[in-house]
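The next block holds one structure in the form of structure tokens; read it before the comments.
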Amino acid sequence: MVNEGIRDDLAAAERTFEQSPVTIEKGLDVDDPELVQLRRACRLLAAGSHLLERGYYTVVIESSFVAIERSIQFRLIHDGAMAPEEIISSHRRLYQRGAEAGLYDDRFGEELAELWNQNRTKTYYRLGIATEEQAKAMYQFATNFHQHLISTSRIKYECICEG
Ligand SMILES: [Zn+2]
């Protein structure tokens with residue numbers, strides 16, 4: 001059983017999600033759904049950079065994948081290939097949608113899905129543990145792919161990544 005203190009913490013956390021926004025994260029205080037996706041990707045990459053320095057490789061890999069997915073979602077909404085309220089629940093489906101929208105070819109989309117699958121089976125079930133090499137390669141790929149998707153959009157100036 002959990003104690004009263006933990007129950008109170010849960011209730012307090014719930015209340016913060018129910019009330020109207022008070023102090024919004026700077027940089028994410030945008031209304032446009034495509035910008036929300038874009039800026040979340042920027043932040044995930046910034047977080048990944050810090051975590052890479054700390055040697056937290058598994059989280060770097062996870063945040064890189066999420067950054068990639070947010071960047072694709074940004075472009076799908078931006079290009080009118082996805083409604084902002086639509087939820088694409090499968091990773092593979094999201095990568096496919098990117099290919100269908102012409103962001104990359106089918107083969108690239110399949111390779112993305114394959115990479116995601118490999119990471120999930122290997123790092124999650126400890127058949128292999130995340131390595132520095134994987135984390136660095138994933139972070140590099142996510143950063144460059146993000147930049148590519150942003151720079152080929154009409155609003156590249158909205159990216160808040162540093163450097
Ligand atoms: Zn960015």
### For peptides 35-47, 18-30, 97-109, 60-72, sequence by mean Cβ density within 10 Å, most packed first
60-72, 35-47, 97-109, 18-30
### Query
Could you name the aspartates and glutamates in cross-link range of Lys136, using Cα to Cα under 15 Å and dropping any fewer than eight places away on the same chain?
Glu53, Glu62
### Message
Let's see if you can work this out: charge +1 on each Lys and Arg Cβ, -1 on each Asp and Glu Cβ, no other charges. What is the dipole magnitude of the stretch 1-52 about its Cα centre, in debye to the nearest 20?
### Response
260
### Query
Fewest first, what order do Tyr157, Tyr139, Tyr95 take by the number of other Cβ atoms within 10 Å?
Tyr157, Tyr139, Tyr95
### Task
Determine the dipole magnitude for the chain: charges of +1 sit on the beta-carbon of Lys and Arg, -1 on that of Asp and Glu, nothing else is charged, the reference point is the Cα centre, and the result goes in debye to the nearest 20.
400
### Query
Per q in 0.22, 0.24, 0.25 1/Å, what log10 I(q)/I(0) does a Debye calculation on the alpha-carbon atoms of the stretch 45-101 return?
-0.80, -0.87, -0.91
### Query
With all pairs of different alpha carbon atoms counted, what Kirkwood hydrodynamic radius in Å does the chain show?
17.3
### Summary
Rounded to two decimals, the Debye log10 I(q)/I(0) of the stretch 84-163 (Cα scatterers, no solvent) at q = 0.19, 0.25 Å⁻¹ is -1.04, -1.26
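When the Kirkwood radius is taken over all Cα pairs of the stretch 11-81, what Stokes-Einstein diffusion coefficient follows at 37 °C and 0.692 mPa s, in µm²/s?
241
Bear in mind these aren't lab numbers, they're just calculated from the coordinates by the rules spelled out. Because the structure is a prediction, the values reported are computed rather than measured. Ideal geometry is used to build each Cβ from the backbone, glycine not excepted, and the neighbour counts take in all protein chains shown.
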